[in-house]
Amino acid sequence: MTEALERFLSDLDAEIRKHGNWGEVADYIPELARVDPAQFGIAVSLADGRIVTAGQARQQFSIQSISKVFSLACVLGRIGEQVWTRVGREPSGRPFDSILLLEQEHGRPRNPFINAGAIVTTDELLTGRQPKEALSEILAFVRAAAEDDDIHIDKAVARSEAETGFRNVALANYLKSFGNLRNQPEMTLGTYFHQCAIEMSCVQLARAGRVLAGLPDAPRLLTALKSRRINALMMMCGHYDGSGDFAFRVGLPGKSGVGGGILLIAPERASIAIWSPGLNVYGNSMMGTHAAEQLARRMEWSVF
Ligand code: DON
């Protein structure tokens, strides 16, 4: 099966490079706007411990919103079910940076993967601690999950977002006005921007995702119940207002980032990371989504 998968990924890489309808890079974060959209990498970590790759699978990229999965895992480890008093677990049907529902729903974000919800989970991680400590906890989780210490924060990306992230500033202040932010908005946002600026390669991300896929060689960092729940949230909310379309086309839990990454989980079978920086209208990787669809279909990995 590994050889067939190797051939399939290399054909997919060639097909994408030939016909790639790459999409547009995120331009609201200046550092990300400089990235060439015509890039692609994929890594598949299998249940037998092997990892199969194609394209630029070892090139690091900005994981952005994929970090929300790891900050949620840390919060669930820290306070468990209590987190749901501050954030919901329903799809929002709105873009990732939308403020609309926040007013209607009195400052409780719909889920931990939209920006407002992730700002709340990061704020929770800051309880009684300094930004450095909260960021160390997230980094430690990711490094332990990937069993790789060469994972760092790109400070230039964090600074770049801090200079232009006006919608997040609005969201944090709005949350604060409803009493759903414990720390000063600048402190929570500074931490959030740094967490989003973690850089990983597809190989590192696929290895980190093993804890969610429940693969036999995954470090024991999450209970089965927690990973099942995170997967459910990824399926329903991981691609924002594109989540329904992603579930329809791919049929697997996934989490996208505006840096063009997608973490895709085939429970008990594989953890997959895909990167292509050009985005579709929802802010999710254009060719990454295409690759996820082709892979899930070819391997018959849809959970449905
Ligand atoms: O907060 C933001 O806008 C970015 N740091 C992360 C957004 C993101 O990755 C959306 N995903 N597709």
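Taken together, the values in this text are just the output of simple stated rules run on the coordinates, not laboratory data. Keep in mind that this is a model prediction, so the values were computed, not measured. Quick reminder, even Gly has a Cβ in these numbers, built from the backbone with ideal geometry, and neighbours come from all protein chains shown.
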*Under the classification rounded if a/c is under 1.5, otherwise prolate if a/b is larger than b/c and oblate if not, where does region 11-67 fall, given a ≥ b ≥ c as square roots of the Cα gyration tensor eigenvalues?*
oblate
*Before rounding to the nearest 500, sum -39500 (n - 2.57) across all DSSP H runs of length at least 4 in the chain and divide by the residue total; then give [θ] at 222 nm in deg cm²/dmol.*
-14500 deg cm²/dmol
*Considering the dipole of the chain built from charges on the beta carbon (Lys and Arg +1, Asp and Glu -1) around the Cα centre, which of Gln82, Phe70, Ala33 is farthest to its positive end?*
Gln82
*Which one of Arg58, Arg78, Arg143 has the biggest mean-square fluctuation once the chain is modelled by GNM with Cα springs under 10 Å?*
Arg78
_What does the C-alpha gyration tensor say about the overall shape of region 63-115? Classify as rounded when a/c is under 1.5, otherwise prolate if a/b is larger than b/c, or oblate._
oblate
*Measuring from a point 7 Å past the Cα of Asp11 along Cα-to-C-beta, which residues in region 35-74 have an amide N at less than 17 Å?*
53-55
*Arrange the following residues from fewest to most other Cβ atoms within 10 Å of their Cβ: Met187, Met234, Met1, Met287.*
Met1, Met187, Met234, Met287
_Can you tell me which lysines have their Cα less than 19 Å from the Cα of Lys132? Leave out same-chain residues fewer than eight positions away._
Lys68, Lys155
*asked:* Given the options Ala162, Ala218, Gly179, identify the residue whose Cα lies farthest towards the positive end of the charge dipole of region 135-241 (+1 on Cβ of Lys, Arg; -1 on Cβ of Asp, Glu).
replied: Gly179
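Between Thr223 and His19, what length comes free when the chain is fully extended (0.36 nm per residue of separation minus the Cα-Cα distance, one decimal in nm)? Kindly include the intermediate steps, with their values, before the conclusion.
Working: separation 204, 0.36 × 204 = 73.44 nm, distance 4.17 nm.
Working it through step by step, the gained length comes to 69.3 nm.
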*Can you give the relative contact order of region 161-304 as a percent, counting alpha carbon pairs under 8 Å and 6+ residues apart?*
19
*Most fluctuating residue of Val69, Val35, Val87 in a GNM of the chain with Cα springs under 10 Å: which is it?*
Val35
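Defining a contact as two alpha carbons under 8 Å apart and six or more residues distant in sequence, what relative contact order in percent does region 66-198 show?
30
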*Given H placed 1.01 Å from N in the peptide plane, which residues other than close sequence neighbours of His152 have an amide H under 5 Å from its amide H?*
Glu199
_Cα centre as origin, Lys/Arg/Asp/Glu Cβ charges: the chain dipole, Debye_ = 640
*When the chain is modelled as a GNM with alpha-carbon springs shorter than 10 Å, which of Tyr282, Tyr28, Tyr240 fluctuates the most?*
Tyr28
*asked:* Show me the GluC sites (Glu not before Pro) within region 114-193 that DSSP assigns to loop and that have at most 15 other Cβ atoms within 10 Å of their Cβ.
replied: Glu147
